[in-house]
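Participant: I have a structure here, written as structure tokens, and I will follow up with some questions on it.
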Amino acid sequence: MWRYGIIAAYLAVSACAQQAAEYPIEAYVQLDTLLPSTIAEWTGAKMVLVNRSQRTIHCIPRVIITKEGRLLARTKVPQTHAWNLVPGGQLLLHGAQLWGGLVFPDDPRHLDQRWLPLGDTGTVTICIHITDSLCIEHFAAPLCIERRIFHYHLPIPLSPVIIDTLRWGRRAQHVVHFQWMPVLPWRPATCYIVRCYPLPDTLSIAEAVRVQQPLLEQRVCNTTTLQWRPPDLPFGRYVWTVRAIDEHTELPIATSDGYSLPATFYVDAKNVSRRPVSDSQRRKR
């Protein structure tokens, strides 16, 4: 009986080896273990394709991202984006070359799918298939890996906020010191656009931000503070927001199009205390 077991095991190994040999391309992939939900930032990803066959192969990498069997994203690469691999040739793909044009089930009309955050976080499965342009013939064994996905936290206004009242005299120089928490986890090439609006009693916060022109609109990079010196700032209420964008692409970071929650503050007249007047001074008057 043991001889039959050895023979069966040998046949199984031979069948697996034969099946592996049917794939003309060997593929290797390198990807960070912790990834942001915005796939356009997976720039460190690399994949190497090696043609072990004696024929030239016209192939396309296709990516499917799932979580617990639920589709999160997939690539839909145009046929014109296929790559040619000559016999014995090698191809290195990285970043956008690998991810191609991503199509998300939630919003297929988005202009650049790679900058739309994944709709879920946690451990996801990323499978890469190397196929022909019609996605019929597979040239390599599917590469499936699990990775941890996280969302960026939006910037948070720190000051001035609702508990802050800025006080100055009418002739004093106006200086507003804006400060906010950065996008977390920290990422390079992050810029912030700070906007400030008047907040009259006739408008809600959302209306004030939506219908008015900002008194301040300034962009800063690699910092989370801004000093604003307006020529005039009447007494009253104000609302401000900060938006996080990528320095190079100008595209928003995180959800809510990169906008923080709005923060309000109040500008009031400075209380000037008068010195007590002595009896001698009163007599001089």
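Participant: Could you give me the residue pairs with C-beta distances under 6 Å whose first residue belongs to the stretch 21-50 and is at negative phi and among the aromatic types (Phe, Trp, Tyr), whose second residue is crowded, with 19+ Cβ neighbours inside 10 Å and outside any loop (DSSP other than H, G, I, E, B) wherever it lies, and which are 6+ apart or on separate chains?
Facilitator: That search, which allows pairs on different chains as well, returns 42/35.
Participant: Separate question: Given 196, 135, which one is within 30 Å of residue 236 (Cα to Cα) and touching a strand residue (DSSP E or B) at 6+ places or on another chain (Cβ under 7 Å)?
Facilitator: 196 is the lone residue from the list that is within 30 Å of residue 236 (Cα to Cα) and touching a strand residue (DSSP E or B) at 6+ places or on another chain (Cβ under 7 Å).
Participant: Here is a follow-up. Hey, can you tell me all the residues within the stretch 152-202 that are touching a Phe, Trp or Tyr at 6+ places or on another chain (Cβ under 8 Å), hydrophobic (A, V, I, L, M, F, W, C), farther than 30 Å from residue 251 by Cβ and not in a loop (DSSP other than H, G, I, E, B)?
Facilitator: Selection gives 166 alone.
Participant: Restricting the search to the stretch 135-150, which residues are at pLDDT below 90 and either buried (at least 16 other Cβ atoms within 10 Å of the Cβ) or at positive phi (or both)?
Facilitator: Result: 135, single match.
Participant: Oh, and also: Taking the criterion of being modelled with pLDDT of 90 or more and under 15 Å from residue 138 (Cβ atoms), would at least one residue in the stretch 29-46 satisfy it?
Facilitator: Scanning the stretch 29-46, I find no residue that is modelled with pLDDT of 90 or more and under 15 Å from residue 138 (Cβ atoms), so the answer is no.
Participant: What number of residues in the stretch 64-84 are in contact with a His (Cβ under 8 Å, 6 or more places away or on another chain) and surrounded by 15 or more Cβ atoms within 10 Å (Cβ to Cβ)?
Facilitator: 3
Participant: Moving on to the next point. Mind checking which residues of the stretch 53-63 are part of a loop (DSSP other than H, G, I, E, B) and surrounded by 11 or more Cβ atoms within 10 Å (Cβ to Cβ)?
Facilitator: 53, 56
Participant: Okay, moving on. Given the criteria within 24 Å of residue 268 (Cβ to Cβ) and either loosely packed, with under 12 Cβ neighbours inside 10 Å or of a type in the set (Asp, Glu) (or both), does residue 132 qualify?
Facilitator: In short, no.
Participant: Considering only residues that are in a strand (DSSP E or B) and buried (at least 16 other Cβ atoms within 10 Å of the Cβ), look in the stretch 246-281 and name the one that is modelled with the lowest pLDDT.
Facilitator: The extreme case among them is 252.
Participant: Sort out which residues of the stretch 118-129 are surrounded by fewer than 16 Cβ atoms within 10 Å (Cβ to Cβ) and under 18 Å from residue 49 (Cβ atoms), and write them in order of number.
Facilitator: Residue satisfying the conditions is 127 alone.
Participant: Of the residues that make up the stretch 171-180, is at least one modelled with pLDDT under 90, surrounded by fewer than 18 Cβ atoms within 10 Å (Cβ to Cβ), small (Gly, Ala, Ser) and over 30 Å from residue 263 (Cβ atoms)?
Facilitator: No: the stretch 171-180 contains no residue that is modelled with pLDDT under 90, surrounded by fewer than 18 Cβ atoms within 10 Å (Cβ to Cβ), small (Gly, Ala, Ser) and over 30 Å from residue 263 (Cβ atoms).
Participant: Check whether at least one residue in the stretch 238-245 is surrounded by fewer than 16 Cβ atoms within 10 Å (Cβ to Cβ) and either within 12 Å of residue 193 (Cα to Cα) or at pLDDT 90 or above (or both), and report yes or no.
Facilitator: no
The values are calculated or read from the model by the stated rules, or taken from the named source; none is laboratory data. Since this is a predicted model, take the numbers as computed values, not measurements. Reconstructed Cβ throughout: ideal geometry from the backbone, glycine too, with neighbour counts over all protein chains shown.
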